[in-house]
Amino acid sequence: MTLPTPIIMADDKDVLRDVWFGRIPTCFMLYPDEVTEREAEPFYLLLPRVSYLTLVTDKVKKHFLKVVKAEDVEEMWFEYEGTPLKWHYPIGVLFDLHASNTALPWSVTVHFKDFPERDLLHCPSSSVIEAHFMSSIKEADALKHKGQVINDMQKKDHKQLWMGLQNDKFDQFWAMNRKLMEYPTEEGGFRYIPFRIYQTLSDRPFIQKLFRPVSPEGHVLTLGDLLKEMVPAAIYEPKKYQVVIHGIEPLLETPIQWLSEHLSHPDNFLHICIVPAPND
């Protein structure tokens, strides 16, 4: 099977770079009930798609703490149109899942009270984000290489992956991450593809099952093959759903192995959002 032509034309390193530097213009507003002595001005920020809300919003916190009474300050959390935003999902996934067809800037509400215990995990420090991020990478590598690549790395290599993400350093991150993307040529891909499929219209957090990039007969499997098996409605009712990865709708004929290598988030998972198609 040949790759879709647009992919052959694109330089793969450019794809990785475009994914890494994807940004979402966002307007943060304080929840009206929490405004105090003076009015809280909104705070605008370009959020990196591949990062986590709690990792990149220190400036947001500082901005709003100026107007909130100290005794009212508990843990900061975010919501969009009544839905609490899970900080342990990458920012791009949150946007694609909840807001992909809305006008920009993305309007996010900031809270310092009434933490929604049933909906969100607590995030007291960046070490919690780092632990979550590293456990995702280890889980992905267990699927790809039985964990052999990540386990062969030293602690400083793990730290380099985390610091690359935390400090938004593309080259620092990819110098190490490329090792996690290698596989023996004769195998044609990873052992299994680390993916998660999220659906706006589902109570289930996400779908994650074992899926190989090559069929037993040696055929290259595609995004369409994955969806056919996991969420057939996304294929058979195309007018009803959009399949979104990093804010774009990839061709269903794209090999899933290529997507895994180039459109995975830094946590090494391919995050796929299935959202209702806009009613034009």
Looking at S264, is it modelled with pLDDT of 95 or more, outside the structural domain of E139 (by TED's automatic domain parsing), among the hydroxyl-bearing types (S, T, Y) and outside any loop (DSSP other than H, G, I, E, B)?
no
Cβ pairs under 9 Å, 6+ apart or interchain, first in the range 26-45 and under 14 Å from K113 (Cα atoms), second at pLDDT below 80, ordered by first then second residue, are E34/K69; E34/D72; T36/K69; T36/D72
Could you go through the range 64-84 and let me know if any residue there is open to solvent by less than 20 Å² (accessible area, probe 1.4 Å), of a type in the set (G, A, S) and not assigned by TED's automatic domain parsing to the domain that holds L270.
no
Say whether the condition of being open to solvent by less than 60 Å² (accessible area, probe 1.4 Å), within 22 Å of F43 (Cα to Cα) and in contact (Cβ under 8 Å) with a residue 12 or more places away in the chain is met by at least one residue in the range 137-154.
no
Say we look at the range 85-114 and pick out the residues that are open to solvent by less than 30 Å² (accessible area, probe 1.4 Å) and more than 17 Å from L47 (Cβ to Cβ); which of these is modelled with the highest pLDDT?
H111
Considering only the range 186-202, state which residues are more than 19 Å from A142 (Cα to Cα) and open to solvent by 50 Å² or more (accessible area, probe 1.4 Å).
E186, Q199, T200, L201
Count, please, the residues in the range 168-190 that happen to be in a loop (DSSP other than H, G, I, E, B) and out of contact with any helix residue (DSSP H, G or I) (no Cβ under 6 Å at 6 or more places or on another chain).
6
Scope the range 191-208; condition part of a loop (DSSP other than H, G, I, E, B) and touching a residue at least 12 places away in the same chain (Cβ under 8 Å); matching residues
R191, Y192, I193, P194, T200, L201, Q208
When residues of the range 209-228 are limited to those that are open to solvent by less than 60 Å² (accessible area, probe 1.4 Å) and part of a loop (DSSP other than H, G, I, E, B), the one farthest from W20 (Cα to Cα)
G218
Quick one: is P205 within 19 Å of the chain's Cα centre (by Cα), within 24 Å of L121 (Cβ to Cβ) and open to solvent by less than 20 Å² (accessible area, probe 1.4 Å)?
no
Look at the range 229-263 and say how many of its residues are open to solvent by 10 Å² or more (accessible area, probe 1.4 Å), of a type in the set (G, A, S) and under 25 Å from G188 (Cα atoms).
0
Residue in the range 229-280 that is farthest from the chain's Cα centre (by Cα), counting only those that are closer than 14 Å to R196 by Cα and hydroxyl-bearing (S, T, Y)
S260
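The values are calculated or read from the model by the stated rules, or taken from the named source; none is laboratory data. Nothing here was measured: the structure is a model prediction, and the numbers come from that model. Quick reminder, even Gly has a Cβ in these numbers, built from the backbone with ideal geometry, and neighbours come from all protein chains shown. Only protein heavy atoms, including side chains, enter the accessible area calculation; ligands, DNA and RNA are left aside. Shrake-Rupley method; radii C 1.70, N 1.55, O 1.52, S 1.80 Å.
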